[in-house]
1. If I filter the stretch 96-118 for residues that are closer than 30 Å to Y203 by Cα and not in a loop (DSSP other than H, G, I, E, B), do I get at least one hit?
2. Just a yes or no: is a residue in the stretch 100-112 closer than 20 Å to E235 by Cβ, of a type outside the set (K, R) and surrounded by fewer than 16 Cβ atoms within 10 Å (Cβ to Cβ)?
3. Across the stretch 382-395, what is the total count of residues that are in contact (Cβ under 8 Å) with a residue 12 or more places away in the chain, surrounded by fewer than 16 Cβ atoms within 10 Å (Cβ to Cβ) and out of contact with any Lys or Arg (no Cβ under 8 Å at 6 or more places or on another chain)?
4. Quick one: how many residues across the stretch 65-83 are farther than 17 Å from R584 by Cβ and either over 29 Å from the mean Cα position of the chain (by Cα) or assigned by TED's automatic domain parsing to the domain that holds D587 (or both)?
5. Kindly evaluate E187 against the criterion of being touching a Pro at 6+ places or on another chain (Cβ under 9 Å) and under 16 Å from S560 (Cβ atoms).
6. Restricting to the stretch 158-181, give me the number of residues that are touching a helix residue (DSSP H, G or I) at 6+ places or on another chain (Cβ under 9 Å), assigned to a loop (DSSP other than H, G, I, E, B) and either free of Cβ contacts under 8 Å to residues at least 12 places away in the same chain or surrounded by fewer than 18 Cβ atoms within 10 Å (Cβ to Cβ) (or both).
Amino acid sequence: MAERIRSADPVSQRQIEVAHAKGLQIVWDRYDAMQPQCGFGQLGLCCKVCNMGPCRIDPFGDGPKTGICGATADTIAARNLVQKIAVGASAHSDHGRDIAHALLLTARGEGKGYQILGRRKLNALAQELGVETDGRRIEEIAEEVAEILLAEFGKQEGELIFAQRAPEGQKKYWREAGIMPRGIDREIVEALHRTHIGVDNDYRSLILGGLKAALGDGWGGSMVATELSDVLFGEPWPVRAKINLGVLSEDEVNLVVHGHEPTLSEMIVKAAQEPEMVKLAKENGAKGINIAGICCTGNEILMRQGIPMAGNFLQQELAVSTGLVEAIVVDVQCIMPALTDVASRFHTKVISTSPKAKFPGATHIEFREEDALDIAREIVRTAVENFPNRDPEKVNKPEGTMDLVAGFTMENVFHHLGGRFRATYRPLNDAIIAGRIRGVAGVVGCNEVSIVHDSAHIAMVKELIKHDVLVVQTGCSAIACAKAGLLQPEAAFKYAGKGLQEVCEAVGIPPVLHLGSCVDNSRILMACVEMVKEGGIGEDISELPVAGAAPEWMSDKAISIGSYVVGSGIFTVFGRPLRVKGSRAVDEFLRKGLEDVVGATWEFEEDPIKAAHIMIEHINRKREALKLRPMMYAAEAA
Ligand code: SF4
Ligand code: MSK
């Protein structure tokens, strides 16, 4: 029987067929086996908050309209959503805490192998935080910066320091709605407390509580993660690299890093480059050591070092199914438990490293920042010594890679758009004002198995750039579009509208900019701050001609990101709807009611082309409100 098309990426589609030919059960098969999925769960109407339940509300027939305790569909749907926001915000924020901790140890000389490589960023942060720099060693400055930002997690009162970076208009919205985050952890705990039985039963109040926790992620946990990763590992700079399963090498040791935190992946790259390790690889019959990334830990080392990417979320099992992977090293988030099962069919070792994330069947080599480089060496050695166990009979080398440019940041886009002597967002704002660029869209988020892998990301982004919308990306969405060739300067001539093409050509950038990992969505917030500061296209973020989207989202982190992006005034379209459709009130509050509260709303649209046009219409309305000129090449673009 012919294989169903599961992926828009031909390399992945071929590998799915290879995996099936090998008799492997992978994510698409498990999805099929799970059908039909529970409609109550999909509508957000199943409650398991207390032990009198589970309760489920019947939205259509004569069944119960409240839970046993009397909770309505509105309460249950909102409570479920808030729990998801809290989980997503906690994941990002715990990541941010780990980076701050690694910086603190490094500053104190206790983080073996790390160096403070981002001096410019450190000095800028020191200035912002009021840390004295004159006559002080870089380690002293870094220690104080890390201590101040670590204290943001446990802060009980006041307002988050980085939230002060937002334009006054946004801060006014937050203060008036009572959702200005005080401390990163505090807001997550409070959001969860609200969802306990018999606490917050007003859907509006619940959702605002969720937004407060999410804002603590975007302007707190995630922003700390991004800023301090830049301090510790250096600020990214545009870099060319290769992407897709074809980066796995036939004659080298393939060590795949998967997860999210750069503290480990950076050290693995370092260890793999050491001459003794390369020598060991040769002694074991390999030509060298090939590190490749999956998901965001890959994005981190791609952005800073141009390390190749093997793929995104739905490609993790496919990478193992090549038979080429000596070790897949995982830390936290988005790692399928099924990996160990697929790996057991090959010589591949799954190496878990986080005390927070253990996997039955994996080899656990626990990571500690204090011994980071030694542990990374042990992991690389384990992979290298596994090379002779590779079974050529089981190897299917995937063909196909794509070139991309990654490594854009709020600061260096700034540099690129402004030119060396005009470091300013003026050229971007001017291009928007003049109607060369319609606006800017952030297209981010995961893969989701019910959607043909990567298809929605690629279709949406092509439609946006065709209509002169500059696209910024992070996470698995960036990986999807990179594999389709959209993250290289040449893509402007192939796919972009004429106005965007002119700007890309003048500045030398692709029409789609890779800004990094999931936590680096904070770079998108800061780019919006800079656009407001530069002037002429809105007094606060909610007035800018910008929009956000996550067409293939699936994780709780994506829900937290969507929440803080909407909460920060950016209209956002998700592909499949949030699980709130069982409550018309909650759905309408998210899609309309939030406009008055934070200046932006959500929309849900599964068709990526329709979704792109919803974003374009939104951007057009913002342009009209700002009385900007008509688009220069509107006729051609449309
Ligand atoms: Fe049922 Fe209420 Fe308990 Fe939820 S909190 S499980 S609706 S009794
Ligand atoms: S990895 S959260 S699948 S983007 Fe950041 Fe990708 Fe989504 Fe995980």
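The values are calculated or read from the model by the stated rules, or taken from the named source; none is laboratory data. All values reported here derive from a predicted model rather than from experimental measurement. Here the Cβ positions follow ideal geometry from the backbone for every residue, glycine too, while neighbour counts run over all protein chains shown.
1. Of the residues in the stretch 96-118, the ones closer than 30 Å to Y203 by Cα are 96.
Now restrict to residues that are not in a loop (DSSP other than H, G, I, E, B): 96.
Yes, that holds for at least one residue.
2. First, pick out the residues of the stretch 100-112 that are closer than 20 Å to E235 by Cβ: 100, 102-104, 106-107, 111.
When the remaining residues are screened for being of a type outside the set (K, R), the result is 100, 102-104, 106-107, 111.
Narrowing further to those that are surrounded by fewer than 16 Cβ atoms within 10 Å (Cβ to Cβ): none.
No; the residues of the stretch 100-112 include none that is closer than 20 Å to E235 by Cβ, of a type outside the set (K, R) and surrounded by fewer than 16 Cβ atoms within 10 Å (Cβ to Cβ).
3. Initially, the stretch 382-395 is screened for residues in contact (Cβ under 8 Å) with a residue 12 or more places away in the chain, giving 382-391, 394-395.
Subsequent filtering for residues that are surrounded by fewer than 16 Cβ atoms within 10 Å (Cβ to Cβ) retains 388-389, 391, 394-395.
Next, from what is left, pick out any that are out of contact with any Lys or Arg (no Cβ under 8 Å at 6 or more places or on another chain): 388-389, 391, 395.
Number satisfying all stated conditions: 4.
4. Within the stretch 65-83, the first condition is being farther than 17 Å from R584 by Cβ, and the residues that meet it are 67-70, 82-83.
Filter again for either over 29 Å from the mean Cα position of the chain (by Cα) or assigned by TED's automatic domain parsing to the domain that holds D587 (or both), leaving 67-70.
Selection size over the stretch 65-83: 4.
5. Numbers: touching a Pro at 6+ places or on another chain (Cβ under 9 Å): yes; under 16 Å from S560 (Cβ atoms): yes.
Yes: the conditions hold for E187.
6. Keep residues of the stretch 158-181 that are touching a helix residue (DSSP H, G or I) at 6+ places or on another chain (Cβ under 9 Å), which gives 159-167, 169-171, 173-174, 176-181.
Filter once more, so that each one left must be assigned to a loop (DSSP other than H, G, I, E, B): 159-161, 166-167, 178-181.
Keeping just the survivors that are either free of Cβ contacts under 8 Å to residues at least 12 places away in the same chain or surrounded by fewer than 18 Cβ atoms within 10 Å (Cβ to Cβ) (or both) gives 159, 178.
Of the residues in that region, 2 qualify.
So that you can scan it fast, the table gives a plain yes or no per residue for (1) surrounded by 22 or more Cβ atoms within 10 Å (Cβ to Cβ); (2) within 26 Å of A434 (Cα to Cα); (3) in contact with a strand residue (DSSP E or B) (Cβ under 9 Å, 6 or more places away or on another chain):
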site	(1), (2), (3)
I561	yes, no, yes
F574	yes, no, yes
P577	no, no, yes
E595	no, no, no
D607	no, no, no
P630	no, yes, no
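The rows are residues; the columns are (1) closer than 26 Å to K557 by Cα; (2) in a helix (DSSP H, G or I); (3) modelled with pLDDT under 95.
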site	(1), (2), (3)
W219	yes, yes, no
R240	no, no, no
H258	yes, no, no
K270	no, yes, no
A281	no, yes, no
L302	yes, yes, no
